[in-house]
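No lab work stands behind these numbers, since they all come straight from the coordinates. Predicted model only: the values in this text are computed from it and were never measured. Cβ placement follows ideal geometry from the backbone for every residue including glycine, while neighbour counts extend to all protein chains displayed.
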Amino acid sequence: MKKINKIRLLPVLLLVAALLLSCILFSFGCTKSSTDKTDASLSEAQTSQTANNTEGQTSTESSSASSLPTTTTAAATTTTAEQIPADIQKMITEADKYYNGGQFAEAVSAYRSIKPAVEKNTIISDSLKQEIIAGYTNNFEDSKTITDTARMNYGNAMQLEYEKRIDEAIKELEAALSIYPKYQDAIDKLASIKSLYKLK
């Protein structure tokens, strides 16, 4: 009778061991690949930002962090025979303000709201609609890349803290803050970890 129970228990133990092993390998792979993606996304955003700055789209608003991009949307500065409606221009200005101020999550949201407003507008021509959308697309994509990368770093930090790998968690949070200095969740979590583990 004991031999039969052992035989039935063996496949269950092997299954549990295989699941544990796959979870460990998956979490290691996620951590490594997300770090690689972070580096690639960051360099892509910086390359795009350098291209934007060389096109002469610099902002007059200065920022305290030197790594923050500063540009204005091309459609906002384009002069055409047809004028951008005031409500849409206000939306573009607001989104650019968030972008230049380093509030990338807010910029993503603001830029997203422009496209439906432009498409619904019946007064402006299709060519101006395309010009407006094309004008803010680079800033929108940069903001999205920065927020996605910072959130990925933040998620990695949460997992590493759970695994009690505090030094690595701090590095992930610092990486998030290096590209998105106003990421409040990362700021709060870094302060919390340092306080909890009495680090400086």
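For the stretch 148-200, filtering for residues that are in a loop (DSSP other than H, G, I, E, B) and charged (D, E, K, R) leaves 6. Residues considered: I146, I193. Of these, the only one that is surrounded by 16 or more Cβ atoms within 10 Å (Cβ to Cβ), closer than 18 Å to A107 by Cβ and of a type outside the set (D, E, K, R) is I146.
The rows are residues; the columns are (1) free of Cβ contacts under 8 Å to residues at least 40 places away in the same chain; (2) surrounded by fewer than 19 Cβ atoms within 10 Å (Cβ to Cβ); (3) within 20 Å of I84 (Cα to Cα).
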{"position": "Y154", "(1), (2), (3)": "yes, no, no"}
{"position": "M158", "(1), (2), (3)": "yes, yes, no"}
{"position": "D167", "(1), (2), (3)": "yes, yes, no"}
{"position": "E172", "(1), (2), (3)": "yes, no, no"}
{"position": "I179", "(1), (2), (3)": "no, no, no"}
{"position": "D185", "(1), (2), (3)": "yes, yes, no"}
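No other residue among Q83, Q130, Q89 is assigned to a loop (DSSP other than H, G, I, E, B) and among the polar types (S, T, N, Q) apart from Q83.
Are any of the residues in the stretch 126-137 surrounded by fewer than 20 Cβ atoms within 10 Å (Cβ to Cβ) and closer than 30 Å to A191 by Cα? Among the residues of the stretch 126-137, not one is surrounded by fewer than 20 Cβ atoms within 10 Å (Cβ to Cβ) and closer than 30 Å to A191 by Cα, which makes the answer no.
The rows are residues; the columns are (1) farther than 26 Å from Y183 by Cβ; (2) of a type in the set (V, I, T).
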position: A95; (1), (2): no, no
position: Y99; (1), (2): no, no
position: T122; (1), (2): yes, yes
position: L128; (1), (2): yes, no
position: T145; (1), (2): no, yes
